[in-house]
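All remarks here apply to the structure that follows.
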Amino acid sequence: MEPDRPLPSEPNAERLVLGTIMSERRAIDEVRDLLTANCFYEPLNRRIFEAITDIDARGDSPDMVTVANEMRKGDEPVDFYELSVIAGCHTADIYQHAAILHDKEKRRRLIEIGTLMRQRAYAESDDIVDILADAEDSLKGLFQSAKDNIATLREAIKGVTEQMSLNASDS
């Protein structure tokens, strides 16, 4: 049996991604489909990302001031110094760092699934077929959303061409 180890995370990448989003107007567009709040392991960073996504959903720009104001709406106090430190972080390649966060989140999820399977197997209260079926469903769902968003260039061009044809026939 392996001793307890910290869960996979990359706090520096979290700060770089958040700081870049708060300082560059269109940075969120590059990573919107890749990141979720669960990609951020550090609680403060997760709160910041949730504030950013709420601001973005309203169509506003998530800069440091709007993020601070959004976070103040919650019950927890806002550490403005720490927020300003994070806002000062920046990367020229946000997607690369976002992909690291996405990877770390999937690894944490795999560990969670494995731990649950292990606990259920040791408990011997569940049927082994049920444990395996639940594990299979969990593993399938792990990449389901990412798989749905992947398309080849040929498929994308075909879709655009079909939509253009439909638009042209409606005129």
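The values are calculated or read from the model by the stated rules, or taken from the named source; none is laboratory data. Values in this document were obtained by computation on a predicted structure and should not be read as measured data. Don't worry about glycine lacking a Cβ; one is built from the backbone with ideal geometry, like all the others, and counts go over all protein chains shown. Protein only, heavy atoms only, side chains kept; ligands, DNA and RNA dropped before computing areas. Shrake-Rupley method; radii C 1.70, N 1.55, O 1.52, S 1.80 Å.
Mind listing the phi-derived Karplus ³J(HN,Hα) values for segment 88-93, rounded to whole Hz, using 6.51, -1.76 and 1.60 with θ = phi - 60°, and x for any glycine or proline?
Calculated HN-Hα couplings, in order: x, 7, 8, 9, 7, 10 Hz.
How big is the equivalent ellipsoid of the chain along its three axes, where each semi-axis is √(5λ) from the Cα gyration tensor, reported in whole Å from largest to smallest? Numbers along the way, then the final one.
Working: eigenvalues 211, 165, 41 Å².
Equivalent ellipsoid of the chain: 32, 29, 14 Å, largest first.
In nm, to one decimal, how far is the modelled label at I111 from the one at S138, with both set 7 Å along Cα→Cβ?
1.4 nm
Going 7 Å from the Cα of E76 toward and past its Cβ, which residues in segment 28-65 have a backbone nitrogen under 14 Å from where you end up?
What the label zone holds, given the 14 Å backbone N cut-off, is 37-52.
How large, in percent, is the carbon and sulfur part of the accessible surface of segment 103-146 at a probe radius of 1.4 Å? List each step's numbers first, then the result.
Numbers: 1710 of 3170 Å².
That fraction is 54 percent.
Under a 1.4 angstrom probe, counting protein chains only, how are Y81, Y41 ranked by accessible area, largest first? Intermediate results must be reported in sequence, preceding the final value.
On the way: Y81 160, Y41 80 Å².
Solvent-accessible surface, decreasing: Y81, Y41.
In the full protein assembly as shown, how much of S61 is accessible to a 1.4 Å probe, in Å² to the nearest 10?
My reading of the accessible area for S61 is about 40 Å².
Per residue, how much accessible surface does the chain expose to a 1.4 Å probe? Answer in Å², no decimals.
On the way: 11580 Å² over 171 residues.
With the other protein chains kept in place, the chain gives 68 Å² per residue.
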